[in-house]
Each structure stands twice: as structure tokens, then as C-alpha cells.
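To start, the structure itself, in C-alpha cells.
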Amino acid sequence: MAEEVILLDTWVSPFGMRARIALAEKGIKHEHREEDLGNKSDLLLKMNPIHKTIPVLIHNGKPVCESNNIVQYLDEVWPDKSPLLPSDPYLRGQARFWADFVDRKVFDAGRKVWATKGEEQKSLMEEFIGHLKTLEAELDGKLYFGGEKMGYVDVTMVPIYSWFHAYEVSGNFSFESHCPKLVAWAERCMQHDSVSKALPSPEKVYQYVLQLRKRLGIE
Amino acid sequence: MANELILLDTWVSPFGMRVRIALREKGIKFEYKEEDLTNKSDLLLKMNPIHKKIPVLIHNGKPVRESGIIVQYVDEVWHDKAPLLPSEPYPRAQARFWADFVDKKIYDTGRKIWTTKGDEQKSATEEFIGYLKTLEAELGDKPYFGGEKLGYVDVTMIPFYSWFHAYEVSGNFSIESNCPKLMAWAKRCMQHESVSKTLPDPKKVYEFILQLKKRLGIE
């Protein structure tokens with residue numbers, strides 16, 4: 001049976017970018033569908049009735065939801081090309097731990113920054129940078145979190161790089177001066193087509209954030 | 001090499017219970033160390049410097065952290081006895097999705113029930129029941145979330161059964177009358193020694209919450 005793979009996504013979502021990178025790394029032919037989150041498609045609501053969020057991967061009509069779940073699923077179904085998770089259970093546990101850290105600490109702090117301003121925002125930004133420094137320490141001289149090649153943690157984390165410019169302009173600081181090794185890592189990842197094609201232009205993301213803050217009534 | 005397993009845990013933690021159930025289901029010998037979270041051991045701080053939380057499974061000196069990650073690790077290393085995750089990628093992704101649902105919704109909303117009062121508590125209680133009903137719908141007519149046997153989602157969710165009494169008394173509601181099928185499922189799980197030996201007495205959990213509320217200055 002021919003494989004039918006559809007990805008429901010939005011261009012600016014770092015979670016969607018994870019799925020896009022994994023699909024591209026593995027050379028999996030798929031159809032990308034842009035969702036309007038202000039007017040969700042029937043397909044999205046049918047395929048993810050619980051959370052109604054993107055990304056959703058639809059493989060031969062069956063949905064897989066939650067970005068990290070999608071990436072692990074792709075890695076298991078298409079294990080031969082660009083394996084993302086290590087084969088050793090202990091190392092796999094470590095990779096999952098750091099992907100979970102990215103989700104619960106980095107992305108969470110990063111997201112809260114946009115909903116705040118003034119002192120509260122400054123404090124959240126410091127927290128965000130703190131988490132980035134923890135990741136930098138974990139990278140510890142390796143080319144990628146996955147070692148010699150990009151792996152699960154790289155795919156989980158690199159999408160936020162497209163949002164760095166927006167953070168820097170809003171917070172009036174430079175990531176380069178706080179976490180130069182992490183920035184170097186991100187630029188190394190961007191050498192990969194799978195990443196550079198999946199990440200939107202930082203300027204577009206910044207424009208999006210300005211709109212978002214207007215909509216939230218913060219600016 | 002002999003397997004040396006140490007579990008850093010606390011008796012009342014639903015997250016720790018998940019690991020204990022998984023280890024017991026698989027008949028794996030381990031040393032249990034009760035942590036005092038107001039006075040964390042050097043071992044805990046060394047093994048989980050990032051989050052400083054339990055449970056931590058130390059396998060031949062190497063730490064595995066985060067309950068869901070630990071259960072998956074145990075399932076992969078000891079895959080022959082009582083497998084918890086399905087062998088096929090699609091059902092495995094579904095199991096991870098529902099375990100993630102339990103993680104994101106049950107603990108936090110449950111916590112709101114015993115830390116708030118008045119309208120906020122009522123709202124949290126309704127939200128909580130809604131999530132339990134969603135789980136009930138997912139269970140359907142199956143004896144377990146894992147199908148014919150206990151699986152990953154069962155192990156992830158059943159520890160909260162020991163907290164049900166505490167939620168019910170705090171929020172003045174009955175889970176049985178709202179979700180009879182889920183209660184039937186829970187009692188079915190309790191027939192397993194791995195579960196009944198692990199879950200603490202619900203009354204003790206309730207007393208624990210009363211003490212915790214005093215310590216946190218909540219009335």
C-alpha cells in the first residue's frame with residue numbers, strides 16, 4: 001500500500017517544525033497543510049478532538065498527535081534513514097529526558113515571555129536564558145546533542161532558534177553574548193536542508209509576535 | 001554484571017508509584033529509598049541536579065529520571081516480562097499520547113481541587129471530572145487501557161486512584177457516581193499485587209494532604 005502522510009501544521013509553530021525536520025531528515029514524502037488556528041479545519045478537529053492542536057501527523061488515515069510523539073513515531077516507522085533516537089536504552093532515556101527539559105522548561109519559559117512585560121518579562125527572560133545555559137552545559141563540546149549527527153534533542157530544540165531574533169529585539173539583549181556555544185550549535189543545525197527549510201525567517205516570526213502581543217492586549 | 005537498582009522515591013508520589021508498579025510487574029528486584037523532600041539526600045541532588053525531584057531510578061550507578069521515561073526505560077531493558085508498551089509503532093504512539101494526557105491534565109487539576117476553595121475549587125472539580133470522563137471514553141469496553149493486560153497508560157494513571165479519596169473529600173464530590181467505569185477499571189487494577197502493594201492507603205494520602213496544606217499555609 002502506498003504510504004499517505006499528511007502533516008497538519010502552522011508555519012510559525014516550533015512544535016510543527018520538529019515534525020517537518022524529522023520528515024525531511026528521513027526523506028518521507030508528505031503533504032503539508034497549513035491550518036488557520038482561528039478557524040480550525042474539520043479534519044484537525046476530527047483527528048485531534050482532545051487537544052485540537054497542531055501538529056497532527058496523519059499516516060494512512062490514522063492520526064498521531066503531540067510533536068515529540070510524532071517524531072518518535074516517525075523514527076520507529078522509518079528507522080533506517082537518519083535515526084534520531086539512540087539504539088541503547090540508557091542513551092534513549094537520556095535523550096527523552098533532555099527533550100522533556102526542552103518542552104517543560106525552555107519552551108514553557110519562552111512562551112510565557114510573550115504574555116508579559118516590564119519586570120515580569122525581564123524575570124522570565126532571565127529564567128529562559130538560564131535554561132539555555134543548562135542546555136549548553138549538556139552539549140558540552142559535542143557537535144550536536146545527538147553526538148556526531150543531529151538527533152532527537154536537536155530536532156526538539158532547534159525550532160526555537162527561529163524565534164531568537166524576536167526575543168532579542170523584545171528583550172534588548174543578545175543570545176550570542178550569553179550562550180555562544182548554543183548559537184554555534186543552532187547555526188550548525190541550520191546547515192542542514194531539513195532544518196533551514198523547516199524554520200521560517202526570523203523577521204517573519206518577529207512580525208508574528210508583534211501581532212500576537214497586540215491581540216493579547218500587551219503592547 | 002549483577003543489576004543494581006535503587007529507586008529514590010516518596011511513598012505518596014503518584015509518579016514514584018508508576019515506577020514501583022512497573023518494576024513489580026516485571027518481578028525486578030530493587031532497593032527502595034524513601035526521600036524526605038524537605039531535606040533531600042546528597043544522592044538525589046547528585047543524581048538529579050537539574051530538577052532535584054523523585055523518582056530517580058539508579059541502574060548500576062547511572063540515573064534515569066522522569067517517571068514516564070523511567071517506565072519506558074524499564075520496559076525496554078526488561079522487555080520479556082510483562083511488556084507495558086505495545087510492540088507496534090502506532091498503538092505505541094497512542095499509548096504515549098494518553099500517558100501524556102494523564103500527565104498534563106490529571107495531576108495539576110487534581111492539585112487545584114485540594115489547594116483552592118469556593119468557585120475556583122468547583123471549577124477545578126468539574127474540569128477534573130471532565131478529564132476522567134475523557135479517559136473513561138478512551139477505555140471503552142476494554143478491561144485495561146492496555147487491552148487485555150495492564151499497559152503503559154494503566155501504570156501511568158492508576159496511582160491517582162490512591163488520591164481519589166483525598167480529591168473527593170476536598171472537593172465534596174463522588175468519582176464513583178460520575179465515572180463508574182473508571183472506578184471499575186481501578187478496582188480491576190488493584191487485583192494485581194504490583195498495584196495493591198504499591199498504592200498507599202487513601203486515608204493516609206488524605207492526612208498527608210491536610211499536613212501539606214498546613215505547611216503551605218493553605219486553609
Query raised in the report: When the Karplus curve 6.51 cos²θ - 1.76 cosθ + 1.60 is applied with θ = phi - 60°, which whole-Hz ³J(HN,Hα) does each residue of region A:57-69 get, with x for Gly and Pro?
Result: 9, 10, 10, 6, x, 10, x, 10, 10, 6, 4, 5, 5
**Report entry** Tensor-based shape of the protein assembly as shown (alpha-carbon gyration tensor, a/c under 1.5 rounded, otherwise prolate or oblate)
**Finding:** rounded
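If you take all C-alpha pairs in region B:43-94, what percent of them are over 17 Å apart?
Details: 587 of 1326 pairs.
Considering region B:43-94, 44 percent of its Cα-Cα pairs are separated by more than 17 Å.
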Report summary line: Taking a ≥ b ≥ c as the square roots of the eigenvalues of the Cα gyration tensor, with a/c under 1.5 meaning rounded and otherwise prolate when a/b exceeds b/c and oblate if not, region B:1-110 is oblate
Report summary line: Quick P(r) readout (chain B; Cα-Cα; 5 Å bins; whole %) gives 1, 7, 14, 18, 19, 17, 12, 7, 3, 1, 0, 0
Requested in this report: Hey, can you find the accessible area per residue of region B:126-214 for me, probe 1.4 Å, expressed in square angstrom?
Outcome: 46
Query - Under 13 Å from B:Lys62, Cα to Cα: aspartates and glutamates that are on another chain or at least 8 residues apart - result: B:Glu4
Query raised in the report: So which trypsin sites (Lys or Arg not before Pro) in region B:78-161 pass both tests, a DSSP loop state and at most 15 other Cβ atoms within 10 Å of the Cβ?
Result: B:Lys81, B:Lys117, B:Lys149
Query - Between region B:17-50 and region A:193-212, the alpha-carbon center distance in angstrom - result: 42
Report summary line: Expressed in square angstrom to the nearest 10, the accessible area of A:Met157 with a 1.4 Å probe stands at 0
Query raised in the report: Which value, in square angstrom to the nearest 100, describes the accessible area buried between chains A and B on both sides, using a 1.4 angstrom probe?
Result: 2400
Query raised in the report: Which Rg and Dmax, in Å, describe the Cα atoms of region A:125-219?
Result: 14.0, 45
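Give me the percent relative contact order of chain A, please, defined on Cα pairs under 8 angstrom at least 6 residues apart.
On the way: 253 pairs, mean separation 45.6, N = 219.
About 21 percent, as a whole number.
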Report summary line: Output for region A:99-199: GluC sites (Glu not before Pro) sitting in coil per DSSP, at most 15 other Cβ within 10 Å, listed by number, reads A:Glu148
Query - Given chain A, longest segment not containing exposed loop trypsin sites (Lys or Arg not before Pro) (DSSP; at most 15 other Cβ within 10 Å) - result: A:150-196
Query - Minimum 40 Å² accessible area buried by the other protein chains, region A:68-97 residues, probe 1.4 Å, relative to alone - result: A:Asn69, A:Tyr73, A:Glu76, A:Pro89, A:Tyr90, A:Arg96, A:Phe97
Query raised in the report: Ignoring ligands, DNA and RNA, how do A:Thr134, B:Thr109 rank by accessible area with a 1.4 Å probe, largest first?
Result: A:Thr134, B:Thr109
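Carbon and sulfur: what percent of chain A's accessible surface (1.4 Å probe)? Numbers along the way, then the final one.
Values: 5230 of 10200 Å².
Solvent-exposed carbon and sulfur of chain A make up 51 percent of the total.
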Report summary line: For B:Ser177, the accessible surface traced by a 1.4 Å probe with all protein chains present amounts, in square angstrom to the nearest 10, to 90
Report summary line: Connecting every pair of Cα atoms under 10 Å apart in chain A and solving the GNM, the largest mean-square fluctuation among A:Leu132, A:Leu124, A:Leu45 falls on A:Leu45
Requested in this report: Report, to the nearest whole %, how much of the accessible area of region B:70-213 belongs to carbon and sulfur atoms, 1.4 Å probe, protein only.
Outcome: 49
Query raised in the report: Looking at the P(r) of chain A, how many percent of alpha-carbon pairs lie beyond 30 Å?
Result: 22
Requested in this report: Step through the table entries A:Lys62/A:Lys112; A:Lys105/B:Lys52; A:Lys29/A:Lys149; A:Lys122/A:Lys214; B:Lys105/B:Lys133; B:Lys104/B:Lys181, compare each Cα-Cα distance with 24 Å, and write down the pairs that go over it.
Outcome: A:Lys62/A:Lys112
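The values are calculated or read from the model by the stated rules, or taken from the named source; none is laboratory data. Here the structure is a predicted model, which means the values were calculated and not measured. Please note: Cβ atoms are built from the backbone with ideal geometry, for glycine as well, and neighbour counts cover all protein chains shown. Just the protein is used for accessible areas: all its heavy atoms, side chains included, with ligands, DNA and RNA removed. Shrake-Rupley method; radii C 1.70, N 1.55, O 1.52, S 1.80 Å.
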